[in-house]
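Trainee: Quick one: structure below, then a few questions.
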Amino acid sequence: MIYEGNSLSVNLLQDGIAELVFDASGSVNKFDQQTVAELDAATQALKDNTDVKGVVVRSAKPAFIVGADITEFTGLFDMPDEEVLTWVSKTSQVFDRFEDLPFPTIAAVNGFALGGGCEMTLACDFRVADTTASLGLPEVKLGIMPGFGGTVRLPRLIGSDNALEWMTTGRDRKAAKALAEGAVDAVVAPDKLVEAASSMLKDAIAGEFDWQARRAEKKAPLKLNKNEAMMSFSTAKAMVAAQAGRHYPAPHMMVDTVAKAANLDREGALKLENQGFATLAKTDEARAQVGIFLADQLVKGKGKKQAKAATKAVKQTAVLGAGIMGGGIAYQSAVKGTPVIMKDINQAALDLGLKEAATILGKGMKRGKVDATKMATTLNNITPTLEYSAIKDVDLVIEAVVENPKVKGIVLAETETHVADDAIICSNTSTISINQLAESLQKPERFCGMHFFNPVHKMPLVEIIRGEKTTEDTISAVVAATLKMGKTPIVVNDCPGFLVNRVLFPYFAGFSKLVMDGADFVAVDKVMEKIFGWPMGPAFLLDVVGMDTADHASGVMADGIPERMQKIANDPVTLLYKAERFGQKNGKGFYNFSLDKRGRPVKTAAPEAYELFAPHCAATKEFDKDEIIARVMIPMANEAIRCLEEGIVASAAEADMALLYGLGFPPFKGGIFRYIETMGLTNFVALADKYADLGPIYQISDGVRDMAASNKSYFA
């Protein structure tokens, strides 16, 4: 034994070959501060051992190294700028020292080698991967850039164009693609990995591979002349500007760093990388994206734990109510391998539901994501029916009929008489109280809400709503079924609108008040999309939701929470609804929708909408972007806070993920609570107080005022 630590060890094998094995105590290998320190100590031990002629680096786990320990990042990013720079510089120098060992090194890569794990392989002279391997530098997804030499070594290994595409997108590469691009030297079967790595290393030791020349290339300036460099980096900058936009500084920083380091050696290039990493680590975007990663881990971990507690397996599902939504839910169950019965009261609706599933699959085939077998299997998993008798043996029923409490109540009561005693019944209601709907059932303990978002196949979130009488067994089984469908479950307690719609409708109300005070809805959309970062501004989103749906839902919210969500007189949404301008579904709402000459959808601000609003709204005037943002976001933030205070949602992290997955909340802002905390609770209170005279949706709770005064955090 040359070295033994808690996360890695080094043994001397035959022929002077040493084996450095990563084997952390947890389920995966990752670079926490302890592992980095052990790598440095192991490197020194290898350097001092005169019997060593070469090193194989491998993992004893199913994955090589999954990256850095992200849980350490929040504390790291809180450190002063100079301390962050010192930390990343010292850490990257550990990889330099390993790279500088006086003999050849090779990485034997299995499973994931991501982030710091990929950078570990790049510090080796050679890389052999097995067919399970995936390599990548996904740091951009955390709002940062590689910090352990990735921006230096990868461009010198595979060229700057390929390297920047790897880093700015964060997408990993399967072994075969990594081989084609030059990131690995060979791909072998998993059972041949260590043998192949050892064989290649022996050849390098024998001088058959010039490992010193390879190493020198990684430490030298990039091999680009002036024109090549200009073309390469101009193209990369244009690509990043188009794909990442203005809200994500990390990919821009990567391109600038690689460009500036092109003529520098390893030492100079690494200094630029260290500086770029330290700068990004202190941005709000990095804090937000790391927050999302940690919140996502929390939500996934909680979901898996709840699913493990399930005592009932869902082997067959039924969806009541076909059409677009029902068809989408049926497709999602079927495509993930759970047979589903789709029931409706008329054949036309069933045909529409099947058409929806076929359309989704057809688009997948065009993109090469779905083959004929997958399409046939999925469609065969969907059984359309007009008869209740067909659902007698299902394990889970998802009611997805019209959003009307009386209709839903009748359907739920009828359903209960046709299913097994232990079958679980859910409602895909978006706003109606689960406790109210449960009154229609003889066994409300097996009933809960299961709120999907449209389009079902694209939206990751499913809100699972616990009623007063819902058992934990029911919740666990539905969580497990949701995960099996490939969706992210977040469990909330019952209230009007649950979590997502409850916080969305105050946002819409803030928008309506703004328009009535003279704001141009096009200008509001532009600010909320281009400046704030929503995928759609509120007017466009309302057109997508549908004015009939929005008006009905706002009525439900007004009945449920009258103290804050009373309907607004002459609300632009209601005016459009009464004028039968329903939005995208009939081609006219705030915007008029049409197709251009190439058949692509086009929207234009509707003169008819302006005419409709004019008698009821103040004269049009310009609003400052900060005021627009404040007036629509304060109501959403306030309602999210109330949901947390009332126990509707269990944590700020879950609320953030629900809005991210259910509404497309801008990821670079990290979610509604991360947005509030980035602003600062004291600043948020002051901003809300500035607009408090606009009505109850702008008035903050005593709880947030107390938290601000006590300097507390929602993420403590």
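Rule-based calculations on the coordinates, nothing more; no lab input. Everything numeric here is computed off the predicted structure, so don't read it as measured data. Using ideal geometry, Cβ is built from the backbone for each residue, glycine included, and neighbour counts are taken over all protein chains shown.
Trainee: Nearest 5 is fine: what % of DSSP beta bridges in the chain come out antiparallel, could you say? Can you show the working numbers first?
Mentor: Working: 20 of 66 bridges.
Around 30 percent of the beta bridges assigned by DSSP in the chain are antiparallel ones.
Trainee: Right, here's the next one. Extension gain Asp706-Lys282, at 0.36 nm per residue separation less the Cα-Cα distance, in nm? If you can, show how the numbers build up before the last one.
Mentor: On the way: separation 424, 0.36 × 424 = 152.64 nm, distance 2.76 nm.
The Asp706-Lys282 span can extend by a further 149.9 nm.
Trainee: Let me ask something else. Subtracting the Cα-Cα distance from 0.36 nm times the residue separation, let me have the gained length for Asp422 to Asn263 in nm, one decimal. Don't jump to the answer; show the numbers that get you there.
Mentor: Numbers: separation 159, 0.36 × 159 = 57.24 nm, distance 6.96 nm.
So the chain would gain 50.3 nm between Asp422 and Asn263.
Trainee: Using alpha carbons only, what's the Rg to Rh ratio of region 662-716 with Rh from Kirkwood?
Mentor: On the way: Rg = 12.0 Å, Rh = 12.1 Å.
Rg/Rh for region 662-716 comes to 1.00.
Trainee: Out of every Cα-Cα pair in region 3-282, what percent are more than 30 Å apart? Intermediate results must be reported in sequence, preceding the final value.
Mentor: Values: 9444 of 39060 pairs.
Result for the distance tail: 24 percent.
Trainee: Starting from the Cα-Cα distance between Asp351 and Ala220, subtract it from 0.36 nm times their residue separation and give me the gain in nm to one decimal. Can you show the working numbers first?
Mentor: On the way: separation 131, 0.36 × 131 = 47.16 nm, distance 6.38 nm.
So the chain would gain 40.8 nm between Asp351 and Ala220.
Trainee: I've got another one for you. Could you work out the mean projected area of the convex hull around the alpha carbons of region 597-716, in square nanometres to one decimal?
Mentor: Working: hull surface 43.1 nm².
Result: a mean projected hull area of 10.8 nm².
Trainee: Something else about it: Calculate the spin-label point distance for Lys177 paired with Leu12, positioning each point 7 Å from the Cα along the beta-carbon direction, and give it in nanometres.
Mentor: 4.3 nm
Trainee: Another one. With respect to the cross-link table entries Lys530/Lys578; Lys141/Lys219; Lys408/Lys588; Lys530/Lys603, which display a Cα-Cα separation exceeding 22 Å? Please list the in-between numbers first.
Mentor: Working: Lys530/Lys578 31 Å; Lys141/Lys219 27 Å; Lys408/Lys588 29 Å; Lys530/Lys603 17 Å.
Over 22 Å apart, Cα to Cα: Lys530/Lys578; Lys141/Lys219; Lys408/Lys588.
Trainee: In cubic angstrom, how much convex hull volume per residue do the alpha carbon atoms of region 1-66 span?
Mentor: Working: hull volume 4.7 nm³, N = 66.
In region 1-66, the Cα hull volume divided by residue count equals 72 Å³.
Trainee: When Thr35, Thr311 are ordered from fewest to most other Cβ atoms inside 10 Å of their Cβ, what list results?
Mentor: Values: Thr35 22, Thr311 11.
With the fewest neighbours first, Thr35, Thr311 line up as Thr311, Thr35.
Trainee: Please work out whether region 68-124 counts as rounded, prolate or oblate from its C-alpha gyration tensor, where a ≥ b ≥ c are the square roots of the eigenvalues and a/c under 1.5 means rounded, while otherwise a/b larger than b/c means prolate and anything else oblate? Please list the in-between numbers first.
Mentor: Details: a/c = 4.88, a/b = 1.58, b/c = 3.09.
It is oblate, given that a/c is not under 1.5 and a/b is not larger than b/c.
Trainee: Classify region 340-425: rounded, prolate or oblate, from the alpha-carbon gyration tensor (a ≥ b ≥ c, eigenvalue square roots; a/c under 1.5 rounded; otherwise prolate if a/b is larger than b/c)?
Mentor: Numbers: a/c = 2.62, a/b = 1.90, b/c = 1.38.
Prolate.
Trainee: What order do you get for 91-97, 202-208, 679-685, 103-109 when each peptide is scored by the mean count of other beta carbon atoms within 10 Å, highest first?
Mentor: On the way: 91-97: 20.1, 202-208: 14.6, 679-685: 17.0, 103-109: 26.6.
So the order, starting with the most tightly packed, is 103-109, 91-97, 679-685, 202-208.
Trainee: I need the peptides 563-575, 370-382 ranked by packing, meaning the mean over residues of other C-beta atoms within 10 angstrom, with the highest value on top.
Mentor: On the way: 563-575: 17.7, 370-382: 14.9.
My ranking of the peptides, most packed first, is 563-575, 370-382.
Trainee: Using Cβ contacts closer than 10 Å as the measure, can you line up Asp15, Asp548 from fewest to most? Display every interim value, and only then the final one.
Mentor: Numbers: Asp15 11, Asp548 18.
Ascending number of Cβ neighbours within 10 Å: Asp15, Asp548.
Trainee: Please order Tyr577, Tyr610 by the number of other Cβ within 10 Å, starting at the fewest.
Mentor: Values: Tyr577 21, Tyr610 15.
So the residues, fewest neighbours to most, are Tyr610, Tyr577.
Trainee: While we're on this one: Can you pull the semi-axes for region 158-212, root of five times each eigenvalue of the Cα gyration tensor, sorted largest first, whole Å? Before the final figure, lay out the partial values.
Mentor: Details: eigenvalues 132, 49, 10 Å².
Taking √(5λ) for each eigenvalue gives 26, 16, 7 Å, largest first.
Trainee: List the residues of region 94-129 whose backbone N lies under 14 Å from a point placed 7 Å from the Cα of Lys47 along the Cα-to-Cβ direction.
Mentor: The answer is 94-103, whose backbone nitrogens lie closer than 14 Å to the label point.
Trainee: Using a/c under 1.5 as the rounded threshold, could you call region 312-495 rounded, prolate or oblate? The axes a ≥ b ≥ c are square roots of the C-alpha gyration tensor eigenvalues, and prolate needs a/b larger than b/c, oblate otherwise.
Mentor: Working: a/c = 1.74, a/b = 1.49, b/c = 1.17.
Because a/c hits 1.5 or more and a/b exceeds b/c, region 312-495 counts as prolate.
Trainee: Rounded to two decimals, what is Rg over Rh for region 480-621 when you use alpha-carbon atoms and the Kirkwood radius?
Mentor: Numbers: Rg = 16.5 Å, Rh = 16.3 Å.
Radius of gyration relative to Kirkwood radius: 1.01.
Trainee: While we're looking at this one, here's another question. Assuming a viscosity of 0.692 mPa s and a temperature of 37 °C, what translational diffusion coefficient in µm² per second does Stokes-Einstein assign to region 111-254, Rh being the Kirkwood radius over Cα pairs? Show your work: numbers first, answer last.
Mentor: Working: Rh = 16.0 Å.
After rounding, the answer is 205 µm²/s.
Trainee: How big is the Kirkwood radius of the chain, worked out from every pair of different alpha carbons and given in Å to one decimal? Numbers along the way, then the final one.
Mentor: Details: mean 1/r = 0.0354 Å⁻¹.
About 28.2 Å, per the Kirkwood formula over Cα pairs.
Trainee: Output the pairs from Lys30/Lys61; Lys237/Lys369; Lys513/Lys690; Lys487/Lys585; Lys343/Lys469; Lys302/Lys487 with a Cα-Cα distance over 18 Å in this structure; if there are none, say none.
Mentor: Values: Lys30/Lys61 11 Å; Lys237/Lys369 29 Å; Lys513/Lys690 16 Å; Lys487/Lys585 26 Å; Lys343/Lys469 27 Å; Lys302/Lys487 14 Å.
Distance filter (> 18 Å) returns Lys237/Lys369; Lys487/Lys585; Lys343/Lys469.
Trainee: Placing unit charges on C-beta atoms (Lys and Arg positive, Asp and Glu negative, everything else neutral), compute the dipole magnitude of region 3-282 about its Cα centre in debye, rounded to 20. Walk me through the numbers on the way to the answer.
Mentor: Working: 29 positive and 38 negative charges, 188 e Å.
For this selection, approximately 900 debye.
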